[in-house]
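See structure below.
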Amino acid sequence: FYGQGMNAAFEDCVVLDECLAEFPDNRERAFAEYFSRRKENADALADLAVENFIEMRDKTASRKFRAKKKLDHLLEGLLPGMYLPLYTMVTFTRIPYATAARRAYVQDRVVYGTLAFLVLIAAFAMIRFIIW
């Protein structure tokens, strides 16, 4: 559900070609190396596809989902090159799938942590204002 099957297949071809070039006389070693290099990203893409399916099926109508997408686009514009939404990383860059998934996880933790902190500060300021 990311439309990345063909892209992943081309990446597989590139990595397999590299492995065959590195181990021209040892096909077994070349294929073992290929498997070890591609496994993490293949697993990550499979997980991302399932998560994207669930998101499209269950979450796109929610306000929280739409707000997160708007925030993603805002941060991408304010922090070009530093902040990329997961969909952008997967679909429009050459960032490996596993790296994109990890980076998106960290970005989400930072964004949600920052939002929680700002809400706490706003609540504290309101309480101070009411008390005074």
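Only one of Ala8, Ala44 is in contact (Cβ under 8 Å) with a residue 12 or more places away in the chain and under 29 Å from Leu115 (Cβ atoms). Can you tell me which? That would be Ala44, the only listed residue that is in contact (Cβ under 8 Å) with a residue 12 or more places away in the chain and under 29 Å from Leu115 (Cβ atoms). Evaluated against (1) surrounded by 11 or more Cβ atoms within 10 Å (Cβ to Cβ); (2) within 30 Å of Phe10 (Cα to Cα); (3) not aliphatic (A, V, I, L, M), Phe65 falls short on exactly one condition, (2).
Taking the listed residues Leu20, Leu84, the one that is surrounded by 10 or more Cβ atoms within 10 Å (Cβ to Cβ), at pLDDT 95 or above and not in a helix (DSSP H, G or I) is Leu84, with no other qualifying.
Just one of the listed residues (Ile127, Ile121) is loosely packed, with under 11 Cβ neighbours inside 10 Å, at pLDDT 95 or above and more than 17 Å from the chain's Cα centre (by Cα), namely Ile121.
Checking Ala30, Ala67, Ala61, Ala8 one by one, the residue that is closer than 17 Å to Thr99 by Cβ and not β-branched (Val, Ile, Thr) is Ala8 and no other.
Checked against (1) of a type outside the set (S, T, N, Q); (2) more than 17 Å from the chain's Cα centre (by Cα); (3) outside any helix (DSSP H, G or I); (4) under 21 Å from Gly5 (Cα atoms), Arg57 meets all criteria but (3).
Of a type in the set (Phe, Trp, Tyr), under 18 Å from the mean Cα position of the chain (by Cα), surrounded by 10 or more Cβ atoms within 10 Å (Cβ to Cβ) and not in a helix (DSSP H, G or I) - does that describe any residue in segment 108-118? No.
The values are calculated or read from the model by the stated rules, or taken from the named source; none is laboratory data. Not measured: the values here are computed from a predicted model. Ideal geometry is used to build each Cβ from the backbone, glycine not excepted, and the neighbour counts take in all protein chains shown.
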